[in-house]
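The values are calculated or read from the model by the stated rules, or taken from the named source; none is laboratory data. On a predicted model such as this, the values are computed, not experimentally measured, just so you know. When we count neighbours, we look across all protein chains shown, and the Cβ atoms used for this are built from the backbone with ideal geometry, even at glycine.
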């Protein structure tokens, strides 16, 4: 990631924080953004303490103006943008088969519209960099069905096809890929994984016999965002302990 300038949304915790730390450790300069500004700042401080270069900003990815401000902050601090990681996301409430419209709109707003709006703000600058890339975070539930909320599955399925469409639209100037995690142990999944009615059935669906860690997804994002993946675009990469193979 040497010479790359990276924006990571959702960088305040979980996969986003692990990704920001990993990309910075590999030489990237980071703008860490999150709806929780203090958490984003803490991630940036962790990077700086390790000898990296990072800034932070509070950003609401569902707001077009906030996404525009995010890009302006990155350009003002680093002069350009080469890489965007769309990690901001929310979970859905339980197994509700017919979520109420406010819940539907909340989940689709962050997970799908947020990915689109952040990308829309950054893509012209990524293209101008001459070597731009976007990596989105989808889910195994964007590839296969499940008993989770249809709002979550619909949002992540939308991210998968948005990724493919952006890859075609922006080639060859920008590569666009997504990672589809299996169940990862993060603060967002903790309420499900501490519930026995969720934990055992989900664990049994992972042939490797355990859930993933945020660092597992960060490693995949590092590959897709790096020049090692210079011939890779439009890919939805499962990192799921074998879930989608079963």
Number of the condition not met by residue 141 [criteria: (1) surrounded by fewer than 22 Cβ atoms within 10 Å (Cβ to Cβ); (2) without any contact (Cβ under 8 Å) to a residue 40 or more places away in the chain; (3) closer than 30 Å to residue 204 by Cβ]: (1)
Looking at the stretch 166-189, is at least one residue touching a residue at least 60 places away in the same chain (Cβ under 8 Å), in a helix (DSSP H, G or I) and under 18 Å from residue 85 (Cβ atoms)? yes
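State yes or no: is residue 209 assigned to a loop (DSSP other than H, G, I, E, B) and over 16 Å from residue 139 (Cα atoms)?
yes
Among 16, 37, 10, 89, which is the only one that is without any contact (Cβ under 8 Å) to a residue 40 or more places away in the chain and touching a strand residue (DSSP E or B) at 6+ places or on another chain (Cβ under 7 Å)? Before the answer, list the steps.
Numbers: 16 fails: without any contact (Cβ under 8 Å) to a residue 40 or more places away in the chain; 10 fails: without any contact (Cβ under 8 Å) to a residue 40 or more places away in the chain; 89 fails: without any contact (Cβ under 8 Å) to a residue 40 or more places away in the chain.
From the options 16, 37, 10, 89, the qualifying one is 37.
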Can you confirm whether the stretch 142-162 contains a residue that is more than 18 Å from residue 238 (Cα to Cα), assigned to a helix (DSSP H, G or I), at pLDDT 95 or above and in contact with a strand residue (DSSP E or B) (Cβ under 9 Å, 6 or more places away or on another chain)? no
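Would you check which residues across the stretch 212-231 are in a loop (DSSP other than H, G, I, E, B), touching a residue at least 12 places away in the same chain (Cβ under 8 Å) and loosely packed, with under 14 Cβ neighbours inside 10 Å and list them?
Let us first name the residues in the stretch 212-231 that are in a loop (DSSP other than H, G, I, E, B), namely 213, 226, 230-231.
If we keep only those that are touching a residue at least 12 places away in the same chain (Cβ under 8 Å) too, we end up with 213, 226, 230.
Listed by number, the list holds a single entry, 230.
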Output for the stretch 121-141, where each listed residue is closer than 30 Å to residue 98 by Cβ and part of a loop (DSSP other than H, G, I, E, B): 138, 139
Those residues of the stretch 177-200 that are out of contact with any helix residue (DSSP H, G or I) (no Cβ under 7 Å at 6 or more places or on another chain) and over 20 Å from residue 144 (Cα atoms) come to a total of 6
